[in-house]
Structure formats: structure tokens, C-alpha cells
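Q: One structure coming up, written as C-alpha cells, with questions to follow.
The values are calculated or read from the model by the stated rules, or taken from the named source; none is laboratory data. Remember, predicted model here, so these are calculated numbers, not experimental data. All Cβ positions, even for glycine, are placed from backbone atoms using ideal geometry, and neighbour counts span all protein chains on display. Heavy atoms of the whole protein, side chains included, go into the accessibility calculation; ligands, DNA and RNA do not. Shrake-Rupley method; radii C 1.70, N 1.55, O 1.52, S 1.80 Å.
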Amino acid sequence: MRLSQIRDFVAVVESGGIRAAARKLGVSQPAITRSVRSLETELHAKLLRRTPTGVVPTQPGRALFARARAAQAELRKAEEEVDQLGQTAGSVAFGVSPTSAIMVPEAINRFRIQFPETRVRIAEGLPHSLIPMVRDETLDFAICRRAIVKLDSGLAFRPLFRNDFVVVARKGHPLEKASSLAQLADAWWTSLLPLDAPDGPFAQAFPPTGLFVPKHVIQCESYITAIKLIAKTDMLGFLARQLLSDPILGDSLQEISVAEPLPSFAVGMFTRTGAPLTQVAAAMAKAVIAAGRSHAGGSEEASAV
């Protein structure tokens, strides 16, 4: 396989058609067609099929696309790293979950001292959206909560600190004096995760105490919207205790302390195994780790990083 074939194939899949790919790459349509057909011949597999809405990959095509895009990302990083040696430019992209976003300002301040000219992209999301972006190298790394599921061989996890879930409500909430989950079971709740997520706070908090998961739960995948729902309505939610130290949230939200033990979780860094970070990505990761230790307050897990 030639790099040009990989480039053309990826462009067709990402663009959804031969014409769009040719326009994107600045080459002719016949050249793209010949390139993809020669790739199919070499691999002895049909990689693309036409549909009424465009061109889509076949099952072998999807398998190749996942690997090819990661390979392209590695080559771009290699080229960029060669250009960066001895310089302070380049780019880095990383993801953060709402739980880990609190330490980003400190990390960025540390990083900018050493690399003031570097382009930085920060993506926010939940682990199920960030981790695939690390796997295909859209992101250099991600800082988020570790789910209880086993990691696949393509990913590595480095713990930074542990955090606890707590029940939160708006200040002045009618149930602010409640002291047990049973007293909160009939309230309206909002959740960032699906209720049946095995690593979610609802599944780990209610059933182990003999309680049913609340019936009135609105799943909200937007962190900002979920916070607004809790702050502006009588809905309850589970948040990381650490987030309440943020003055913006602390002014409008409060913890409802319950007698039952609530789940804790590990926050750490996801990277792709076998793919070393570039110079600037490694520097950003180092800044994030330092900020994580600072926010963990010297906890046992943070000191083990």
C-alpha cells in the first residue's frame, strides 16, 4: 500500500463521495477512483459501496478506515514532531470530562510558560465520547473517569486521583435536610449517564442499599444544561464532590449529605498504547498531571502517579 492510496481512501470515506474527496485533495475524480481501485486490488477486498446518499465503506473498508486514520494521525505527529524539535510551536489536542475540567486552567498556565506559541485544542465530553477519540488519535490524550469495564489492549490508563459522588441540589431545596437516599427516591433527578450504566452513580448507589432506582430521571448529556436543571429547578443530581469547590457552582448548589455510602471513582489519563506523545503533547500531559496532584491534595493515588 502507498501513502497516497491511504490518503485517498480516507478522504473518500470522510467526505462521503469521490467528487467531494477529489475537491478536498485538489486532484481529479478519475485519479481518486484509480487509487481506490488499486488499493482494493492489492487487498483483494471491496472497500466501498455506493448508496443513494453517497459512498460508504464496506465491513472490510470500515476495518481499514479505523487503522488508516490512526496511521495518518501518527504520520502527521511524526512530521510535526520533527518540525518541533528545538522549537516551541506545534499543536496538542486533549479531552476532559466535566469532573477533570476543574484542573485545566492550572495546567494551561503551566504549559504556556514553556510553549507560548503552541496551538491547543480542548474537547469536553463524557468518557464514552472521549476515549474513542484517543483510540483513533483525534486526541493526544484524555483526562476522565475510569469506567469499571476492562480496557482494550489499545489503551492505557494512568490514575491521577479519586473522587466521590455526592447528591447535590439547589440552595434552599425543599429536601435539603434529607439524610438518606430513601427520602430522595421520589424526587426528580437528572443524570449525565444512562440509568442502566453499570459504572453510573445510580446503579452503584441505590440497588446496593435495597432501593429501586428513582423513576423520575431525565438523562441530560450536556453538563452545562444538567447544572442549570439542578440550580434552577427542584431536580437532584450526582456530581463529583470536587466540583463543589468551584465558586461558580458553590454559590448555587449544595450537597445533601446522606447516610448511605456513595460510589467513588478514579480520574486519570487515557493514552494510546504504542503511540508515544509528541514533545508538546508530553509537556501538556506533564502539566495536567502536576495540576491533578495539586487538586488531589497529595492523596495516595496522586502520589503514586
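Q: May I ask you to list the residues in region 196-230 that are in a loop (DSSP other than H, G, I, E, B) and charged (D, E, K, R)?
A: Result: Asp196, Asp199, Lys215, Glu221.
Q: Just need a number here: residues in region 114-136 that are open to solvent by 30 Å² or more (accessible area, probe 1.4 Å), within 29 Å of Gly250 (Cβ to Cβ) and either of a type in the set (Val, Ile, Thr) or touching a residue at least 60 places away in the same chain (Cβ under 8 Å) (or both).
A: Result for region 114-136: 3.
Q: Taking the criterion of being assigned to a helix (DSSP H, G or I), at pLDDT 85 or above and closer than 23 Å to Arg146 by Cα, would at least one residue in region 260-281 satisfy it?
A: yes
Q: Restricting to region 228-259, name every residue that is among the β-branched types (Val, Ile, Thr), open to solvent by 20 Å² or more (accessible area, probe 1.4 Å) and under 24 Å from the mean Cα position of the chain (by Cα).
A: Ile248
Q: Quick check, is Asp186 out of contact with any Phe, Trp or Tyr (no Cβ under 6 Å at 6 or more places or on another chain), touching a residue at least 12 places away in the same chain (Cβ under 8 Å) and of a type outside the set (Phe, Trp, Tyr)?
A: yes
Q: Looking at (1) touching a Ser or Thr at 6+ places or on another chain (Cβ under 6 Å); (2) not in a loop (DSSP other than H, G, I, E, B), can you tell me which one Gln183 breaks?
A: Here Gln183 clears every test but (1).
Q: For region 143-160, give me the residue count where each residue is open to solvent by 90 Å² or more (accessible area, probe 1.4 Å), out of contact with any Asp or Glu (no Cβ under 8 Å at 6 or more places or on another chain) and at pLDDT below 80.
A: So the count comes out to 2.
Q: Only residues that are open to solvent by less than 30 Å² (accessible area, probe 1.4 Å) and closer than 18 Å to Pro98 by Cβ: list them for region 182-216, please.
A: If the condition is that a residue be open to solvent by less than 30 Å² (accessible area, probe 1.4 Å) and closer than 18 Å to Pro98 by Cβ, then Trp189, Thr190, Ser191, Leu193, Ala197, Asp199, Gly200, Pro201, Phe202 are the ones that fit.
Q: Taking the residues in region 115-124 that are more than 11 Å from the chain's Cα centre (by Cα) and either outside any loop (DSSP other than H, G, I, E, B) or at pLDDT below 85 (or both) as candidates, determine which candidate is farthest from Asp196 (Cα to Cα).
A: Arg119
Q: Considering region 125-165 alone, what residues qualify as being closer than 21 Å to Thr278 by Cα, in a strand (DSSP E or B) and not β-branched (Val, Ile, Thr)?
A: Phe141, Ala142, Cys144, Leu155, Ala156, Phe157, Arg158, Pro159, Leu160
Q: Can you list the strands (runs of 3 or more DSSP E) found entirely within region 1-112 that contain at least 1 residues being over 25 Å from Phe270 (Cβ atoms) and of a type in the set (S, T, N, Q)? Talk me through it step by step, then tell me what you get.
A: Numbers: elements: 48-51, 54-57, 91-96.
Result: 48-51.
Q: List pairs: first in region 245-265 and over 12 Å from Ile227 (Cβ atoms), second modelled with pLDDT under 85 and in a loop (DSSP other than H, G, I, E, B), Cβ under 7 Å, 6+ apart or cross-chain?
A: Partner pairs satisfying both residue conditions: Phe265/Arg146.
Q: Please go through region 13-62 and give me each residue that is farther than 19 Å from Leu3 by Cα, modelled with pLDDT of 90 or more and open to solvent by 80 Å² or more (accessible area, probe 1.4 Å), ordered by number.
A: Gln59
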